[in-house]
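Everything below concerns the one structure shown next.
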Amino acid sequence: MDARKGDWVRIHDAVLEAGKRAPSVPEDTQRVPLEMWVKGFLLDEGANIGDRVKIETYIGRIVEGVLVEVNPYYKHDFGKCVPELLYIGKQVRSLLDEDGE
Amino acid sequence: MSYEAVMGRNFEIMRKAVGMDYSRFESKGIGFDYEKMMEETGYTLEEIKRIQAETGVGNTPIYELRNLTKLARNFAPKGKGARIFLKDEAVNPSGSFKDRRAATSCYHAKRLGYKGVIAATSGNYGSAVASQAAMRGLKCIVVQECYDSKGVGQPEIIEKARKCEAHGAEVVQLTVGPELFYTFLVLLEETGYFNASLYTPFAIAGVETLGYEIAMQFREREGRDPDVVIVTNAGGGNLTGTARGLIKAGAKETKVIGASVNLTGLHMASDIQFNKKSFTTGHTGFGIPFTTWPDRSDVPRSAARPLRYMDRYVTVNQGSVFYMTEALAQLEGLERGPAGNTSLAAAFKIAQELDEDQIIVVQETEYTGAGKHLNAQLTFAKENGIDIIIGDPREEIPGKNIILPKDPGYISVEEVDLNRTRRSYIRNCIKHYNVDKVSEEDLSFLCQDTKSHEVFVKSVLDELGIKY
């Protein structure tokens with residue numbers, strides 16, 4: 001079993017199916033569903049990834065969806081080295097130096 | 001709950017969720033009583049200062065950017081190159097000027113007895129509401145447009161989600177699409193929480209202290225008002241509130257310039273183009289539509305009406321903003337942005353048009369961090385097939401490449417034709433209210449709402465074949 005009652009999990013659900021999107025959205029968006037992700041504490045006794053479950057969000061709302069992650073965490077970071085940026089600091093400093101400082 | 005049924009209850013849901021009846025300010029035709037709305041439903045400047053002081057918002061420091069000023073003068077004609085100053089809004093509790101808007105919204109929600117607040121935002125405002133809600137003991141939900149259909153999220157928006165959760169908020173993350181508003185309405189109805197919209201009179205009044213502080217701080221340190229205040233423009237609230245604050249301080253000669261990152265050609269509701277953007281705010285994708293039609297916001301009448309206050313509107317390219325973000329860190333020791341540095345990039349160029357003894361103020365900064373940092377943004381851009389080039393920024397094509405200026409002399413601004421923008425706004429009014437004749441009252445409203453005059457408005461109405 002991937003998750004037990006009370007575990008902090010992330011669920012996924014479709015809000016609007018493809019083809020049922022608002023008329024104003026562009027074609028590429030029309031072709032895909034409006035999807036949603038929410039986190040909360042698992043209310044079911046136990047569940048596996050892919051099961052439809054109920055959760056209680058951090059503020060206490062009950063939401064249903066498909067279990068996608070247990071103990072979710074953030075993976076965003078400061079990016080990789082961007083060599084294209086490395087000239088900027090040297091350039092602005094040397095421009096000020098030329099100014100006669 | 002069907003999409004149509006919920007959208008159909010929009011007006012009723014909103015009335016409950018913002019605790020005010022907008023119909024009180026409506027007139028029969030196009031116009032409404034903006035000033036009455038701001039006076040009756042907002043707070044006085046003194047009250048707002050007190051409310052914001054309670055939660056540590058505002059009174060942010062001013063830096064004179066001496067090195068960047070010197071750098072700008074290297075590229076300016078003799079005697080030109082205004083002094084560039086920066087108001088460091090990043091030192092607000094959650095890291096941006098948005099705390100000012102959130103402070104008043106959360107105070108108001110608490111006072112009216114709401115148990116929680118909801119905000120539909122993918123930007124800094126979410127963390128601001130979450131932070132202020134935590135201080136006021138309110139529950140908080142933030143609804144974000146975050147992912148494309150492959151589940152790839154904008155790193156900057158993911159960082160905002162993290163920050164909201166850090167303050168105990170629930171974050172509902174959605175894929176691309178304006179139907180976010182539907183989810184937002186469903187949540188408002190389900191919870192009965194307050195709509196901490198960015199566009200209520202309380203939210204905009206919250207920004208007035210920013211403009212007011214600028215005037216006061218400059219009178220104290222320089223003995224006069226600044227010549228130019230430059231504002232990063234997206235939904236228009238930052239510009240509207242700041243300009244109103246300057247006016248309330250009596251700084252009537254100060255010019256207010258809006259600046260947006262140029263993302264022309266990218267559709268904001270497109271699933272494919274969503275992750276081709278390297279800015280999630282401060283760009284033309286919000287700036288232009290909200291300037292030409294402010295009432296597209298999540299309240300019946302937006303209190304953010306940038307055309308009313310704008311003296312000039314310029315755009316800058318993405319590469320120039322990244323360049324200036326790096327220059328700010330390297331020459332001034334301030335690691336901020338990047339989105340908030342849009343107005344800094346524009347200020348760098350506009351300073352070169354002004355005399356050396358003039359003063360130009362960049363009125364905002366925002367915190368930087370994982371996901372938001374320029375390295376994170378440019379790494380993400382590369383992963384999405386965007387070329388990073390060092391060259392002439394004027395050749396940048398949004399969604400295809402990002403061009404970093406070869407040297408600071410290549411940083412330029414592009415003018416947005418304000419008369420064209422005003423014309424679009426008037427056209428939108430006519431279309432939306434479906435009128436073939438404009439009353440005396442509406443004529444005067446259109447003049448005020450476009451900061452223009454009767455001759456101009458009448459000429460546009462003539463073009464459109466509308467009687468007056």
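Of all residues in the stretch A:66-101 being touching a Phe, Trp or Tyr at 6+ places or on another chain (Cβ under 8 Å), surrounded by 12 or more Cβ atoms within 10 Å (Cβ to Cβ) and farther than 14 Å from B:L331 by Cα, which is nearest to the other protein chains (Cβ to nearest Cβ)? Outline the logic, then answer.
Looking only at the stretch A:66-101, we keep the residues that are touching a Phe, Trp or Tyr at 6+ places or on another chain (Cβ under 8 Å), and these are A:68, A:70-72, A:79, A:85, A:88.
Those left that are additionally surrounded by 12 or more Cβ atoms within 10 Å (Cβ to Cβ): A:68, A:70, A:72, A:79, A:85, A:88.
Restricting the remaining residues to those that are farther than 14 Å from B:L331 by Cα gives A:68, A:70, A:72, A:79, A:85.
On the way: A:V68: 9, A:V70: 16, A:P72: 10, A:G79: 3, A:L85: 6 Å.
Within the stretch A:66-101, the match that is nearest to the other protein chains (Cβ to nearest Cβ) is A:G79.
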Kindly list the number of the only condition in (1) outside the structural domain of B:T232 (by TED's automatic domain parsing); (2) within 30 Å of A:G89 (Cα to Cα) that fails for B:K70. (1)
Checking B:G287 against (1) modelled with pLDDT of 95 or more; (2) within 12 Å of the chain's Cα centre (by Cα); (3) over 30 Å from A:K90 (Cβ atoms), which single condition isn't satisfied? (1)
For B:L188, which of the numbered conditions (1) touching a helix residue (DSSP H, G or I) at 6+ places or on another chain (Cβ under 7 Å); (2) more than 14 Å from chain A (Cβ to nearest Cβ) fails to hold? (2)
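Which residues, taken from the stretch B:381-426, are outside any helix (DSSP H, G or I) and under 12 Å from B:N262 (Cβ atoms)? Lay out the reasoning, then the answer.
Taking the stretch B:381-426 as the starting set, the residues that turn out to be outside any helix (DSSP H, G or I) are B:384-392, B:396-407, B:411-417.
Matches in the stretch B:381-426: B:E396, B:I397, B:P398, B:G399, B:I402, B:I403, B:S412, B:V413, B:E414, B:E415, B:V416.
Given the criteria surrounded by 24 or more Cβ atoms within 10 Å (Cβ to Cβ) and over 22 Å from B:G42 (Cβ atoms), does B:T183 qualify? Walk me through how you get there before you give the answer.
On the way: surrounded by 24 or more Cβ atoms within 10 Å (Cβ to Cβ): no; over 22 Å from B:G42 (Cβ atoms): yes.
Criteria not met by B:T183.
Of all residues in the stretch B:355-380, which are away from every other protein chain (no Cβ under 13 Å) and in a loop (DSSP other than H, G, I, E, B)?
First pass over the stretch B:355-380, keeping only residues away from every other protein chain (no Cβ under 13 Å): B:355-367.
B:E356, B:D357, B:Q358, B:Q363, B:E364, B:T365, B:E366, B:Y367, listed by residue number.
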Does B:V321 meet the test of being over 30 Å from B:A17 (Cα atoms), touching a strand residue (DSSP E or B) at 6+ places or on another chain (Cβ under 9 Å) and within 14 Å of chain A (Cβ to nearest Cβ)? yes
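Given B:I257, B:I288, which one is surrounded by fewer than 23 Cβ atoms within 10 Å (Cβ to Cβ) and assigned to a strand (DSSP E or B)?
Values: B:I288 fails: assigned to a strand (DSSP E or B).
Result of the check over B:I257, B:I288: B:I257.
How many of the residues in the stretch B:312-330 are farther than 22 Å from B:K277 by Cβ and under 16 Å from the mean Cα position of the chain (by Cα)? Can you show your working first?
Of the stretch B:312-330, the ones farther than 22 Å from B:K277 by Cβ are B:312, B:327, B:329-330.
Those left that are additionally under 16 Å from the mean Cα position of the chain (by Cα): B:312.
Here the count works out to 1.
Going by the conditions given, is A:H12 in contact (Cβ under 8 Å) with a residue 40 or more places away in the chain and within 11 Å of chain B (Cβ to nearest Cβ)?
Working: in contact (Cβ under 8 Å) with a residue 40 or more places away in the chain: yes; within 11 Å of chain B (Cβ to nearest Cβ): yes.
Yes.
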Identify the single condition in (1) among the small types (G, A, S); (2) on the phi < 0 side of the Ramachandran plot; (3) within 12 Å of chain B (Cβ to nearest Cβ) that A:G60 does not satisfy, given that it satisfies every other one. (2)
Subset tally (residues that are assigned to a loop (DSSP other than H, G, I, E, B), more than 14 Å from every other protein chain (Cβ to nearest Cβ) and of a type in the set (G, A, S)) for the stretch B:44-82: 4
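Here is a check on your reading of the model: is B:N233 touching a Leu at 6+ places or on another chain (Cβ under 6 Å), buried (at least 24 other Cβ atoms within 10 Å of the Cβ) and under 30 Å from B:G399 (Cβ atoms)?
Values: touching a Leu at 6+ places or on another chain (Cβ under 6 Å): yes; buried (at least 24 other Cβ atoms within 10 Å of the Cβ): yes; under 30 Å from B:G399 (Cβ atoms): yes.
Yes; evaluated as a whole, the condition is true for this residue.
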Looking only at helices (runs of 4 or more DSSP H) that lie completely in the stretch B:83-173, which have at least 2 residues being within 14 Å of chain A (Cβ to nearest Cβ)? B:124-136, B:155-166
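Being part of a helix (DSSP H, G or I) and more than 8 Å from chain A (Cβ to nearest Cβ) is the filter here, so list the residues in the stretch B:191-204 that pass it. First the steps, then the outcome.
We begin by selecting, within the stretch B:191-204, every residue part of a helix (DSSP H, G or I); these are B:191, B:201-204.
Within the stretch B:191-204, B:P201, B:F202, B:A203, B:I204 meet the criteria.
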Within the stretch B:388-436, track down each residue that is aromatic (F, W, Y) and at pLDDT 95 or above. B:Y410, B:Y425
Of (1) surrounded by fewer than 20 Cβ atoms within 10 Å (Cβ to Cβ); (2) touching a strand residue (DSSP E or B) at 6+ places or on another chain (Cβ under 6 Å), B:V117 satisfies every one except (1)
Look at the stretch A:23-48 and say how many of its residues are touching a residue at least 12 places away in the same chain (Cβ under 8 Å), buried (at least 16 other Cβ atoms within 10 Å of the Cβ) and among the acidic types (D, E). 2
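Assess whether B:E335 counts as being of a type outside the set (S, T, N, Q), in the same structural domain as B:T264 (by TED's automatic domain parsing), farther than 16 Å from B:T254 by Cβ and crowded, with 20+ Cβ neighbours inside 10 Å. Let's see the steps before the verdict.
Details: of a type outside the set (S, T, N, Q): yes; in the same structural domain as B:T264 (by TED's automatic domain parsing): yes; farther than 16 Å from B:T254 by Cβ: yes; crowded, with 20+ Cβ neighbours inside 10 Å: no.
So B:E335 fails the test.
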With B:S278, B:S302 as the choices, which residue is within 14 Å of another protein chain (Cβ to nearest Cβ) and either aliphatic (A, V, I, L, M) or part of a loop (DSSP other than H, G, I, E, B) (or both)? B:S278
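Please specify each residue of the stretch B:419-440 satisfying the condition of being surrounded by 14 or more Cβ atoms within 10 Å (Cβ to Cβ) and out of contact with any Phe, Trp or Tyr (no Cβ under 6 Å at 6 or more places or on another chain). Give the derivation first.
Within the stretch B:419-440, the first condition is being surrounded by 14 or more Cβ atoms within 10 Å (Cβ to Cβ), and the residues that meet it are B:421-430, B:435, B:438-439.
Selection gives B:T421, B:R422, B:R423, B:S424, B:Y425, B:I426, B:R427, B:C429, B:I430, B:V435, B:S439.
The values are calculated or read from the model by the stated rules, or taken from the named source; none is laboratory data. Remember, predicted model here, so these are calculated numbers, not experimental data. Ideal geometry is used to build each Cβ from the backbone, glycine not excepted, and the neighbour counts take in all protein chains shown.
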